[in-house]
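The values are calculated or read from the model by the stated rules, or taken from the named source; none is laboratory data. Being a predicted model, the structure only gives us computed values, none of them experimental. Cβ coordinates were reconstructed from backbone atoms using ideal geometry, including for glycine residues, and neighbour counts include every protein chain displayed. Side chains are part of the model used for accessible areas, which takes the heavy atoms of the whole protein and leaves out ligands, DNA and RNA. Shrake-Rupley method; radii C 1.70, N 1.55, O 1.52, S 1.80 Å.
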Amino acid sequence: MRVLFVCLGNICRSPTAEGVLRHQLRSAGLQDRVQVASAGTGDWHVGEPPDRRTCQAALARGYDLSAQRAQQVTPAHFEQYDLILAMDKSNLRNLQALRPAGASAELDLFLPRFGAALDEVPDPYYGGKEGFEQVLDLIEAACRELVTQIKGRA
Ligand code: 4NP
């Protein structure tokens, strides 16, 4: 199974989801069954590591995001991944517009699919520290449910 997380800049929310899911899969011994990556709908930060505040908040919870580099989502990703998960509704709309006809990937909104009460992971980029903690709280919980579902299928 191949999972691609997508946000706007690929420096805050989706790299966090990539790092958290990879960590949880390793803890569950499922790292060889699932391939994880992330991308942004925008191109402003391509090639950059995640945002410094994102890296700091993630590292405090044991997730090292420092090796990750931002990339922009392309139509080819719809063939390279089985499940593409958008962090908010605007990302989802942009992905729907980019999706090639007949592409194999399933496209969905991340949080509702995995049991969250909120529909969207709020963009923390222009806010304070607590926004980055909320991103981690939401993503950790939804990734736990994703891993539970994968375990159920194993
Ligand atoms: P992300 O956050 O989509 O969670 O990576 C953002 C990062 C950068 C920008 C916007 C959102 N930006 O406008 O540069």
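Some observations on this one:
- Selection within the stretch 29-54 - crowded, with 21+ Cβ neighbours inside 10 Å and over 9 Å from the mean Cα position of the chain (by Cα): GLY40, THR41, PRO50, ASP51, THR54
- Only one of SER66, SER90 that is surrounded by fewer than 22 Cβ atoms within 10 Å (Cβ to Cβ) and touching an Asp or Glu at 6+ places or on another chain (Cβ under 9 Å): SER90
- Residue within the stretch 71-94 that is more than 15 Å from the chain's Cα centre (by Cα), β-branched (Val, Ile, Thr) and within 28 Å of ASP32 (Cα to Cα) present: yes
- Condition check for TYR81 on (1) over 21 Å from CYS12 (Cα atoms); (2) open to solvent by less than 70 Å² (accessible area, probe 1.4 Å); (3) away from the ligand (no atom under 16 Å from the Cβ): one failure, at (1).
- Every residue from the stretch 3-28 that is closer than 14 Å to GLN149 by Cα and open to solvent by 10 Å² or more (accessible area, probe 1.4 Å): GLN24, ALA28
- No other residue among LEU30, LEU25 is in a loop (DSSP other than H, G, I, E, B), touching a residue at least 60 places away in the same chain (Cβ under 8 Å), away from the ligand (no atom under 11 Å from the Cβ) and not charged (D, E, K, R) apart from LEU30.
- Answer residue from the stretch 95-115, given it is within 16 Å of the ligand (Cβ to nearest atom) and over 12 Å from PRO75 (Cβ atoms) and is most open to solvent (accessible area, probe 1.4 Å) among those: LEU109
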